[in-house]
Amino acid sequence: MMISIEQAIQRVRAAVEALPTENVDLDRALQRFLARNIVARWDLPTSTHAAMDGFAVRAADVAGSSTATPTTLAVVGRCVAGAGDDSPCVGPGQAVRITTGARVPPGADAVIRVEDTRTHERKVEFHVAVAVGHNVRHRGSDVVKGAPVLRAGTRIDAHAIGALAAFGHSQVEVHHRPLVAIASCGDELVPVQEARPDAVVDSNAHVLAAMARECGADVELLGIVGDDPLRMEEQLRRGVDRPHVLVTSAGASVGERDHTREVLEALGTRFIFSKVALKPGKPVSFGRCGNTWVFALPGNPGAAAMTFELLVRPALRALQGAAIPLRPEAIALLPHPVTKRSGLTHCVWMTARAGSGGLEIDELNAPSSGSPLSALGHNAIAALPRSADALAAGHAVPLWLTGPVAARRYPPVLGIVGLSNSGKTTLAAHLIGRLSRDLRVAAVKHGHRFDFDRKGKDTYRFAEAGAVAVAFASPGQRGLATRTSRPPELDEVLASLPDPLDIVFVEGYKQTPIPKIEVVGADGRSLTREGQLHDVRAIATRAAPFDLGIPCFSTDDLDGIEAWVRAYMAERQ
């Protein structure tokens, strides 16, 4: 009976249990999976200490200190990192020289860095005032004794190694690495050393071996297995005698020369499933032979890689005790309409990227399942639902993320700023009108109130009822209103704009450090000239032009301003 890919994944996860554990030296634990929880053996930091070199003081003694009015205290001792508890006490009017990591002496409640002081023999002059706790790291501020540090099932990375070392774990209990045997079936195959244009090269063995090693497994290559059932049985027996997992590719279907499943059954394999409603990879099978888990994958390179990723990879991670054996899941919107065969889940390697409304994916131009290039350069798998035969543009589809997602690249941003009634909105509208003839232009308006969502409207009622975000849509338009606990930063607003864009004009946010054009009104008053604006790259003025060492245009010179804006954009490409 054919089952869904979701059912297949569930059956693999339900069947496979973690291998026994072993203790390994800390320096051999990288990329292994923790077999038990790790808790803090002691407080970290273990004492209240200085965060930098300087002087330990009582904050009250330096209140009001500045360069103009320094405070002078007597130096009564020295504290260094690694010393015991025998530290001098800091009394009124006193200070103690201290090094980074040294315990803060009794009586002191702050540390002032060396750069803010001047020493005179046994006295020190302070040029800043500080609050209690300044440059002090308190005992247990990172973690207190007995608190969880690492959970069982965590894959140990370099930072986890550091945490384990900090608490004295010279050895770590981890699950055994699974041993994976890999066999490629088919008389037509030739090894990679004999590759030639008219040959069928055994690329599967090397791809699947690499994928297994990426999962943390050890690999044994069984080589090319021919189509003769007797010889197949002899060769595949090695794959179920000792390894924890046997992976075969090709011969898993019902063709005249497809004998892999029948040979595996003759060896004693009991299959848990033998067909999955999946494209590519429908004939994939999963079972158990003695103590070995068996995966019979299709022979087409694209199908073999896909079924390994979806089914074998979770099994290998589960064998190692991974807390989360599956890839991270996400949702993305289809960029265009798609037609497909209903009854099968179509899984397609894709490139996902961060967009304004979440993840976006590229065009669904899937290579043939026979192509060894189907996964090349991609970082996600899109799963087109089994029940559908047509999906509209904008349909949400689930993704498995197989690699990092690139951050969104913002277009050039240019502020249009100035005093009230200077004409900045008019100039912005003129520029948008001119540039939008051949470019995708967006605008951000930063106002003092947000009044489009008026009382009595449905969106207002939803927000009033407690919704933190309200989306709205009409033919040809959509928007999103989100409540915030503070004024939104420009970066947050830019992240909500659609992709792709060529330029964004921002009216407002005049103190945000972005390149700007200042618009000067008829009165000639310029915030740039008065030193109240920064990052201004050009002036557009309704008064007489003036020289600040940057381009200055009349607001009527729209051709000149447009040419300058286009040159500004070209510099940022």
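The values are calculated or read from the model by the stated rules, or taken from the named source; none is laboratory data. Small disclaimer: the values here were computed from a predicted structure and weren't measured. A quick note on method: Cβ atoms are made from the backbone with ideal geometry, for glycine too, and the neighbour counts reach across all protein chains shown. Note: areas computed on protein heavy atoms with side chains; ligands, DNA, RNA excluded. Shrake-Rupley method; radii C 1.70, N 1.55, O 1.52, S 1.80 Å.
The set of residues from region 247-257 being crowded, with 23+ Cβ neighbours inside 10 Å, of a type in the set (A, V, I, L, M) and assigned to a loop (DSSP other than H, G, I, E, B) comprises 250, 252. The listed residues are 123, 145, and the only one of them that is open to solvent by 30 Å² or more (accessible area, probe 1.4 Å) and either under 18 Å from residue 43 (Cβ atoms) or among the small types (Gly, Ala, Ser) (or both) turns out to be 145.
Close Cβ contacts (under 7 Å, 6 or more residues apart or on different chains) running from residues in region 551-573 that are farther than 17 Å from residue 415 by Cα to residues that are at pLDDT 95 or above comprise 554/541; 560/553. When you scan region 357-370, do you find a residue that is under 30 Å from residue 244 (Cβ atoms), at pLDDT 85 or above and either open to solvent by less than 40 Å² (accessible area, probe 1.4 Å) or not in a helix (DSSP H, G or I) (or both), even just one? No, every residue in region 357-370 fails to be under 30 Å from residue 244 (Cβ atoms), at pLDDT 85 or above and either open to solvent by less than 40 Å² (accessible area, probe 1.4 Å) or not in a helix (DSSP H, G or I) (or both). Selection within region 268-288: residues that are surrounded by fewer than 20 Cβ atoms within 10 Å (Cβ to Cβ) and more than 39 Å from the chain's Cα centre (by Cα). The member of this set that is farthest from residue 12 (Cα to Cα) is 268. Number of residues in region 515-548 that are in a loop (DSSP other than H, G, I, E, B), open to solvent by 70 Å² or more (accessible area, probe 1.4 Å) and not aliphatic (A, V, I, L, M) equals 9.
The criterion of at least 3 residues that are in contact (Cβ under 8 Å) with a residue 24 or more places away in the chain and closer than 21 Å to residue 308 by Cα is met, among helices (runs of 4 or more DSSP H) falling completely within region 153-246, by 204-214, 229-241. Determine, yes or no, whether residue 246 is touching a Gly at 6+ places or on another chain (Cβ under 6 Å) and either closer than 26 Å to residue 321 by Cβ or among the acidic types (Asp, Glu) (or both). Answer is yes for this residue. Select from region 14-36 the residues that are open to solvent by 80 Å² or more (accessible area, probe 1.4 Å) and either closer than 30 Å to residue 163 by Cα or not in a helix (DSSP H, G or I) (or both) and list them in ascending order. Matches in region 14-36: 17, 20, 23, 27, 28, 30, 36. Residues in region 23-70 that are more than 34 Å from the chain's Cα centre (by Cα) and free of Cβ contacts under 8 Å to residues at least 60 places away in the same chain: 7 in all.
Considering region 37-51, the residues that are open to solvent by less than 30 Å² (accessible area, probe 1.4 Å) and part of a loop (DSSP other than H, G, I, E, B) include one that is nearest to residue 150 (Cα to Cα), namely 40.
Checking each residue of region 40-47 against the condition of being closer than 30 Å to residue 180 by Cα and hydroxyl-bearing (Ser, Thr, Tyr) gives no match. Residues that are open to solvent by less than 20 Å² (accessible area, probe 1.4 Å) and within 24 Å of the chain's Cα centre (by Cα) were ranked within region 331-347; the one that is farthest from residue 394 (Cα to Cα) is 347. Regarding residue 485, is this residue among the hydroxyl-bearing types (Ser, Thr, Tyr), free of Cβ contacts under 8 Å to residues at least 24 places away in the same chain and over 26 Å from residue 525 (Cβ atoms)? Against the criterion (among the hydroxyl-bearing types (Ser, Thr, Tyr), free of Cβ contacts under 8 Å to residues at least 24 places away in the same chain and over 26 Å from residue 525 (Cβ atoms)), residue 485 qualifies.
Per-residue answers, yes or no, for (1) over 43 Å from the mean Cα position of the chain (by Cα); (2) more than 30 Å from residue 362 (Cα to Cα); (3) among the β-branched types (Val, Ile, Thr):
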site	(1), (2), (3)
482	no, no, yes
509	no, yes, no
516	no, yes, no
534	no, yes, no
538	no, yes, no
541	yes, yes, yes
551	no, yes, no
565	no, yes, yes
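Only a single criterion out of (1) open to solvent by 20 Å² or more (accessible area, probe 1.4 Å); (2) of a type outside the set (Ser, Thr, Tyr); (3) more than 30 Å from residue 371 (Cβ to Cβ) is not satisfied by residue 210, namely (3). Among the residues of region 411-435, write down those that are assigned to a loop (DSSP other than H, G, I, E, B) and surrounded by 14 or more Cβ atoms within 10 Å (Cβ to Cβ). Correct list: 411, 412, 419, 422, 423. Of the residues making up region 258-289, those that are assigned to a strand (DSSP E or B) and out of contact with any Cys (no Cβ under 8 Å at 6 or more places or on another chain) number 9.
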